[in-house]
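Colleague: One structure, pasted below without further comment.
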Amino acid sequence: MAVNVAVKVGDRAPAFRATLQDGSTLDLADRIGRTAIVLFFYPKDDTPICTAEACAFRDAYEEFTSAGAEVVGVSSDSAESHAAFARRHRLPFPIVSDRDGAVRRLYGVPRTLGFLPGRVTYVIDREGIVRLVFNSALSSAGHVRRALDALQ
């Protein structure tokens, strides 16, 4: 995966293949054309804001699926950590294990305060075009609200 500048609204979403919490592989290119994708990058499993964000996506999951979208989380934690996190919080969506940060770099997700992994949500339409880029380190609920608005 090449290193890109930050992905912007109107760009084609970079395709990637990565391991999910159950050990299977997510291939974004396979999903384009079938569904919209809400791709949310978060810093770390089981931290307060990240847990609140993941649970907010869980609580709105039916709204996302009704809008024709699939929700996918991404962080650098291991697949095992993601599996435990998903089990503990009953998360119905897949979570990408981006151990080497390749997917984060591919999307140009910035760091917060220069060292913390950023919290950015992308809404990608069925044609693979980015329709929303929302970057907020502290507004966990804002990511869900803005993503749902972008899908309307």
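Colleague: Specify which residue in the list Ala86, Thr51, Pro110 is farthest towards the positive end of the charge dipole of the range 17-151, using unit charges on the beta carbon of Lys, Arg (+1) and Asp, Glu (-1), about the Cα centre.
Modeller: Toward the positive end, the furthest listed residue is Pro110.
Colleague: Residue by residue through the range 135-144, what is 3J(HN,Hα) from phi via Karplus (6.51 cos²θ - 1.76 cosθ + 1.60, θ = phi - 60°)? Round to whole Hz and write x for glycine and proline.
Modeller: Result, rounded to whole Hz: 10, 8, 5, 10, 9, 4, 5, x, 5, 5.
Colleague: Rounded to whole Hz and in sequence order, give me ³J(HN,Hα) for the range 71-87 from the Karplus expression 6.51 cos²θ - 1.76 cosθ + 1.60, θ = phi - 60°, writing x for Gly and Pro.
Modeller: Values per residue, Gly and Pro as x: 9, 9, x, 9, 8, 8, 5, 5, 4, 5, 4, 4, 4, 5, 4, 5, 5 Hz.
Colleague: Another question about this same structure. Gain in length, Glu80 to Asp149, computed as 0.36 nm per residue apart minus the alpha-carbon separation, to one decimal in nm?
Modeller: 21.6 nm
Colleague: If we count trypsin sites (Lys or Arg not before Pro) as exposed when they sit in a DSSP loop and have at most 16 other beta carbons within 10 Å, what is the longest stretch of the chain that avoids them all?
Modeller: With a cap of 16 other Cβ atoms within 10 Å, the longest stretch comes to 45-89.
Colleague: Please sort by residue number the GluC sites (Glu not before Pro) in the range 53-136 whose DSSP state is loop and whose Cβ has at most 12 other Cβ atoms within 10 Å.
Modeller: Sites meeting the loop and neighbour criteria: Glu127.
Colleague: Convert each backbone phi in the range 43-50 into a coupling constant with the Karplus relation 6.51 cos²θ - 1.76 cosθ + 1.60 (shift: θ = phi - 60°), then list the ³J(HN,Hα) values in order as whole Hz, x for Gly and Pro.
Modeller: My calculation for the range 43-50 gives x, 7, 4, 6, 9, x, 6, 5 Hz in order.
Colleague: Output the antiparallel fraction of DSSP beta bridges having both residues in the range 17-151, as a percent to the nearest 5.
Modeller: Around 65 percent antiparallel, to the nearest 5.
Colleague: Next question. Chymotrypsin sites (Phe, Trp or Tyr not before Pro), restricted to the range 57-145: which are DSSP loop and have at most 13 other Cβ atoms within 10 Å?
Modeller: Phe115
Colleague: Name the long-range amide H neighbours of Ala13: under 5 Å, sequence gap of 5 or more, or other chain; modelled H, no Pro or chain starts.
Modeller: So Ala13 has HN proximity to Ile129, Val130.
Colleague: Going by a ≥ b ≥ c, the root eigenvalues of the Cα gyration tensor, does the range 62-152 fall in the rounded group (a/c under 1.5), the prolate group (a/b larger than b/c) or the oblate group?
Modeller: oblate
Colleague: Let me ask you something else. With the crude spin-label approximation of a point 7 Å out along Cα→Cβ, what separation in nm comes out for Arg12 versus Asp27?
Modeller: Modelled inter-label distance: 1.7 nm.
Colleague: Ok, one more. Taking only C-alpha pairs under 8 Å that are 6+ residues apart, what is the relative contact order of the chain in percent?
Modeller: Relative contact order of the chain: 34 percent.
Every read-out reported here was derived from the displayed coordinates using simple, explicitly stated rules and does not represent laboratory data. Everything numeric in this text was worked out from a predicted model, so none of it was measured. Positions of Cβ are backbone-derived with ideal geometry, glycine not excepted, and every protein chain shown enters the neighbour counts.
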